[in-house]
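What follows is a single structure, written as structure tokens, with notes after it.
The values are calculated or read from the model by the stated rules, or taken from the named source; none is laboratory data. Being a predicted model, the structure only gives us computed values, none of them experimental. No Cβ is skipped: glycine too gets one built from the backbone with ideal geometry, and neighbour counts run over all protein chains shown.
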Amino acid sequence: MSLTQIGPVYSGRASAVRAGEVVLSLVASGLVGMQGWTGVRRLQHPYDRSLQLGLDRLAALCVRAGRDAPVGVQDLVGVWCAERPVDSWPLEFDADAQVDGERLLIGGEPSEFCLEWAVSAQDVVSEVHEGTLVKEIKKMAAQLGRPELYARWRLFVTEHAVLGPDEFMAAKNAVLDVPQWATWMEESYGRVTAEVTLGGRVAVCGGCGQWVAPRADGRVRCGVWRCARRADLPEPVWVEAQGARRLEPELVRFVALPGAPELDLARRLAARGARVVLYPKLDALDLVAVWPNGFSVGVDVKDWRSPYLLARRIKTFPTWGTDDPHAYSRGFLVVPHDRLRANRSYVKILTRRSEALRAQPQIEVVSDRDLVASCPDLGTLGEVVCGP
Ligand SMILES: [Zn+2]
């Protein structure tokens with residue numbers, strides 16, 4: 001054993017790639033996890049532990065590569081993360097990870113690339129990435145024998161970012177026979193605080209429908225990828241902040257934003273005559289759509305920038321008997337068409353990298369547009385429901 005050796009030795013290319021991914025995940029989750037994050041210039045102690053860990057590992061790899069290392073967290077965040085694309089860091093990445101030109105911070109805020117790498121780091125700790133509230137609602141809905149309550153809660157929070165006092169009261173009282181429902185609403189919606197208001201009002205993005213906190217310069221600009229790239233993004237809608245509630249940030253990111261393309265697809269299938277069940281069997285799939293003539297599809301919608309990271313999160317599709325109320329004949333993994341248009345290698349990388357897709361070659365990866373176009377159109381309006 002060499003006494004001068006620092007840390008583990010990465011001999012093969014695979015372990016070098018692994019080391020690079022660990023650094024990226026640590027730094028990304030550190031940036032996302034920093035308490036009171038308000039931009040690079042107002043960087044404050046204490047730093048997230050994973051940011052410090054990421055810095056230490058990155059510095060060690062820089063030394064080994066004979067390159068200048070970041071001199072501290074300030075340098076890492078303000079220069080490396082904000083100005084340098086990740087492919088210029090002395091790390092090795094798999095080509096499928098598509099890191100070229102990607103920066104972790106854009107305009108002082110974690111980029112979508114950063115958010116996805118941060119989520120992938122959390123997966124290391126907990127295989128199922130779900131907040132405690134989501135787990136609690138699932139568990140309680142199962143215990144009550146009312147799985148549709150989970151779907152109904154999910155549908156509600158996806159459609160409502162900000163609630164005025166009367167709307168919040170009505171939401172809490174929407175399911176009177178289940179006292180837990182009011183508690184779920186209390187925990188899903190927090191009070192609107194001063195940081196998210198401007199002139200006594202809260203901005204709701206005209207694109208994604210989510211509340212947007214004003215930036216330090218007083219401007220309101222939605223950071224969601226789909227909104228940020230739209231030239232025709234509608235102006236925000238302003239809601240009176242007095243007594244209002246806004247969806248908890250974690251539910252915005254992990255439930256409402258991913259839920260929007262799911263719901264949109266459900267409505268487009270219903271418009272062609274299908275009966276669409278949302279989140280059957282406590283989210284075993286995103287939706288099952290059945291047409292009166294017997295045509296049926298089971299669908300999971302995945303709205304990720306990186307097919308490389310998404311591939312790790314795809315689960316095998318459930319197989320249900322034909323007598324099951326949610327039985328479906330064909331399974332589809334749907335990726336929003338704008339993701340596929342922005343990345344021509346998307347489907348190739350996804351299918352090459354996903355063990356679940358290799359194990360179930362009958363599951364088709366398609367865009368939402370292609371799926372809708374391939375389904376029957378009866379010319380009658382179907383429905384979107386939360387239970388069988
Ligand atoms: Zn938006």
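Checking each residue in the stretch 330-388 for being among the aliphatic types (A, V, I, L, M), part of a helix (DSSP H, G or I) and out of contact with any helix residue (DSSP H, G or I) (no Cβ under 6 Å at 6 or more places or on another chain) picks out 342, 347, 356, 359, 371, 373. Considered as a group, the residues in the stretch 160-212 that are touching a residue at least 24 places away in the same chain (Cβ under 8 Å), in a loop (DSSP other than H, G, I, E, B) and over 23 Å from the mean Cα position of the chain (by Cα) include one that is farthest from the ligand (Cβ to nearest atom), and that residue is 178. Can you list the helices (runs of 4 or more DSSP H) found entirely within the stretch 238-314 that contain at least 1 residues being touching a strand residue (DSSP E or B) at 6+ places or on another chain (Cβ under 6 Å)? In the stretch 238-314, the matching helices (runs of 4 or more DSSP H) lie at 257-270, 280-283. Every condition in (1) within 26 Å of residue 371 (Cα to Cα); (2) away from the ligand (no atom under 11 Å from the Cβ) holds for residue 257 except the one numbered (2). If you go through the stretch 75-111 and pick out every residue that is in a helix (DSSP H, G or I) and modelled with pLDDT under 90, you end up with 0. In the stretch 221-262, of all residues being over 12 Å from the mean Cα position of the chain (by Cα), among the hydrophobic types (A, V, I, L, M, F, W, C) and buried (at least 18 other Cβ atoms within 10 Å of the Cβ), the one that is farthest from residue 164 (Cα to Cα) corresponds to 227. Only one of the numbered conditions (1) buried (at least 22 other Cβ atoms within 10 Å of the Cβ); (2) more than 15 Å from residue 211 (Cβ to Cβ); (3) within 16 Å of the ligand (Cβ to nearest atom) is not met by residue 266, and that is (3). Restricting attention to the stretch 213-223, report how many residues are hydrophobic (A, V, I, L, M, F, W, C) and touching a residue at least 40 places away in the same chain (Cβ under 8 Å). Here the count works out to 1.
Looking across the stretch 213-228, the residues that are within 11 Å of the ligand (Cβ to nearest atom) and touching a helix residue (DSSP H, G or I) at 6+ places or on another chain (Cβ under 9 Å) come down to 221, 222, 223, 224, 225, 226, 228. Mind listing just one residue for me: the one in the stretch 47-63 that is assigned to a helix (DSSP H, G or I) and free of Cβ contacts under 8 Å to residues at least 24 places away in the same chain and, of those, farthest from residue 23 (Cα to Cα)? Ranking the qualifying residues of the stretch 47-63, first place goes to 49.
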